[in-house]
1. Specify which of the listed residues (Ser49, Ser27) is closer than 16 Å to Pro77 by Cβ, modelled with pLDDT under 90 and under 19 Å from the mean Cα position of the chain (by Cα).
2. Of all residues in segment 31-46, count the ones that are within 14 Å of the chain's Cα centre (by Cα) and within 18 Å of Pro72 (Cβ to Cβ).
Amino acid sequence: MVEPGRGLLFDGDARKQAGTHDAIAQSIWEMQDQLTEWRRHLHMNSELSDKEFNTQKLLIEALTDLGLKPKPKPFGPSTGVINGNKLRAI
């Protein structure tokens, strides 16, 4: 369990963090139909490991539509380092 004010993604005031959590939860709830559609699409159009080019394209488009600026690697899907942990990332 994470102690108040010491979140995994945010540090600082617990009330602010709780508000951020609520905002994220609300956004996810509002996007539930879209998220389900993406999940179904990805499951019906699965790709080989390290060959997830269409998956990468879908995620880049989705993140861009959300106002984010993803930076894809020119050589396609790859493994990245996030917060010091080696994780599979697209």
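1. Working: Ser27 fails: closer than 16 Å to Pro77 by Cβ.
Ser49 is the lone residue from the list that is closer than 16 Å to Pro77 by Cβ, modelled with pLDDT under 90 and under 19 Å from the mean Cα position of the chain (by Cα).
2. Summing the residues that are within 14 Å of the chain's Cα centre (by Cα) and within 18 Å of Pro72 (Cβ to Cβ) in segment 31-46 gives 1.
The values are calculated or read from the model by the stated rules, or taken from the named source; none is laboratory data. The model shown is predicted, which means the values in this text are computed figures rather than measured ones. Note that we place each Cβ from the backbone using ideal geometry, even for glycine, and neighbour counts take in every protein chain shown.
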